[in-house]
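Report on one structure; see the data block that follows.
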Amino acid sequence: MRHLNPHRNILDLQEVIFDKKSGVLVLICELMDMNIYEYIRDKRSYLSERTVKNYMYQLCKSIDHIHRLGIFHRDVKPENILLKLHENLLKLADFGSCRMLSSPPPYTEYISTRWYRAPECLLTEGHYTYKMDIWSVGCVFFEIICLRPLFPGVNEVDQIAKIHDVIGTPSRDLLNKIQKWSRGVPYNFSDKRGTGIAKLIPHASQEAVNLIQCLCSYDQDERITAHQALKLPYFREFRDIDQVRLKSSTKMMDVSKKNICLDKDLTAALPRISEEGKNDSDSKFSVITNLPKAQSLPSHLSHHKERRKRKHKKSRENQEFLSHTGLLPQLMVHSSAVNPFSRANLQTDTSKFNAGSRLKILPNISKATKSQKPSNGPTKNIYRNYKLAPILGAKREAAGL
């Protein structure tokens, strides 16, 4: 799938995941709305010819793309054709049965869904080509127009019989060519003309009927290719739309390339312009080699400096408070008190501190704190009536503390 991408009408492969334990390989693809079978299953009226033409044009584009890359699908059916309705977009999916065109036959005999299996797959021992995909496309084309399958056989014999009922039995020369690769059983089919495809879809245009007949030719050598089908007048409208889309995308690519070239030209011209500016004083371009240094603004305004001074002064005042353990309130050192932590006070003469001196080392603690009346219930007190705060609340009780 990565070899087939990117293409507008091929399902995009997003990621590949491989589980080593289970050996399962998972392919993650883009999300689509539904498949063709689900889309036409509950329809009560035929689709418009333009809708059918649009979907068939995209299907032929996808088949032409994989055939050009040397791959044929081998299981084209409505269930493997996905739609994105709001974009009118069709994408081919399920590439599990693909084979390379370079690999020689015989291929697997029981391949493709029976209703969309070509006659050479039913009558030979695996001697078929990429033209089997073209037969399947013709069957899908009929089913989108008629809303029912073209050859719904219950087994391989009934499948051949239903093909002969519509298309008729092949000529003796064609049977002899097919019988070379058969199982050795002679094919003695009774001559039958067949009803023809036009009688089954009377509401379809003659161009659509002719295209189905070219896609579902009994002889695989006479079937047209997907590339030839895209060139038919039946798809002229959508070929024109594709050409307009291609031209617009080409213009966008050209504009982007021009922008890239302009950027490269400007980049290459900058050194040349600078050299011309040095040599030619009358040039339109001038290059300033030495720029003046940028003057830095003052880091702080005057009011910011004053604010810093006030903060510094306040911090020095706070340092004058005595540090304490926290159980007693902090006390301010008054001018009449002596700071016991000051080195200058420790070196003073002790004769100053006599019994009659009024100079106090610390104020009276009893006057600094107000006594509190004890509460009615018992409390835990430390140093008078300071209540111990509860720890952890309810968790504390649960812990048994």
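Nothing in this text is a laboratory measurement; each read-out follows from the coordinates by a stated rule. This structure is a prediction, so every number in the text was calculated from the model and none was measured. FYI the Cβ positions are ideal-geometry reconstructions off the backbone, even for glycines, and counts take in every protein chain you see.
Miscellaneous remarks
- The Glu109 and Lys247 beta-carbon pair, evaluated with R₀ = 45 Å, returns a calculated FRET efficiency of approximately 0.45.
- ³J(HN,Hα), Karplus 6.51/-1.76/1.60, whole Hz, each residue of region 40-55, x for Gly, Pro: 9, 4, 9, 6, 9, 9, 5, 6, 5, 5, 5, 5, 4, 5, 4, 5
- Förster radius 60 Å - calculated FRET efficiency between Phe18 and Glu222 (Cβ-Cβ, nearest 0.05): 0.85
- Burial ranking of peptide ranges 102-111, 129-138, 165-174, 48-57 (average Cβ count within 10 Å, highest at the top): 129-138, 48-57, 165-174, 102-111
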